[in-house]
1. Hand me the list of strands (runs of 3 or more DSSP E) wholly inside the range 42-130 holding 3 or more residues that are farther than 30 Å from Ala177 by Cα.
2. Residue check: is Ala53 within 25 Å of Thr165 (Cβ to Cβ), crowded, with 18+ Cβ neighbours inside 10 Å and among the hydrophobic types (A, V, I, L, M, F, W, C)?
3. Look at the range 165-186 and say how many of its residues are crowded, with 16+ Cβ neighbours inside 10 Å and part of a loop (DSSP other than H, G, I, E, B).
4. For the structure I just gave you, tell me whether Ser10 is modelled with pLDDT under 55, out of contact with any strand residue (DSSP E or B) (no Cβ under 8 Å at 6 or more places or on another chain) and of a type in the set (Ser, Thr, Tyr).
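The values are calculated or read from the model by the stated rules, or taken from the named source; none is laboratory data. No experiment lies behind these values; they were computed from the predicted model shown. Glycine gets a Cβ as well: all are built from the backbone with ideal geometry, and neighbour counts include every protein chain shown.
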Amino acid sequence: MRMKLPLRRSVGRGMALVCALSVVACSGAAPVVELESSALCQRSKREKTIVVAHVDERGEAFQGDAPRGEYDGVVSKIPTALAAPKTAVITRRERKDCYDKAKDVWYPCIKELRVDFSKIRGIARAPKMDRARRLATQLCESEVRRKSPKEGGYLRIDSAQYHCTVVQTNLCPVYKATAAQKKEKKRLSEERKRGQPKYEINPNCPSTQHCLPKRR
């Protein structure tokens, strides 16, 4: 506990210095409103700004929420994590050439671009909570980068402005697997033993995004 306080002060001073020197203005993270426990556990269609993924019992991550019987016989409760951006809004000031129609001249100007990350969330389920937390953070940061403006033609993916943190966790109920799901699990297990492909990978996935394969 003694080591955490100076570290937080150091990070805070560092972020303040970055914000002072950069053309990108930092905005503090708005308080995150937690979901109802049942809402975090429910398997339903989410808003486009909420990215969901799950990890199966073998440790492989897939796009989308877990099938209702995925964790039957694996865990008694499903570790689930929700991550949100550390910075809710960034404001980028761009230096451009503007045209004055009345004077028929071009002049240097600064235009402001406001990017709102406040609705972005990453939700992940996994057999272990630490994996769920890591995946939720990765999903959130991938979506933040996808919506981020480029600086000099490149994304500043190393910038602390684009980082996310876990803001909520829960242990969700396990649903019983149907006979069809148990049969599918057995088929997938046999596929893995034979070394056959288990999923489809998106060939158009940008290198800056955390793209996961889809279940076939």
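1. 89-100, 105-116
2. Yes, satisfied.
3. Number satisfying all stated conditions: 3.
4. yes
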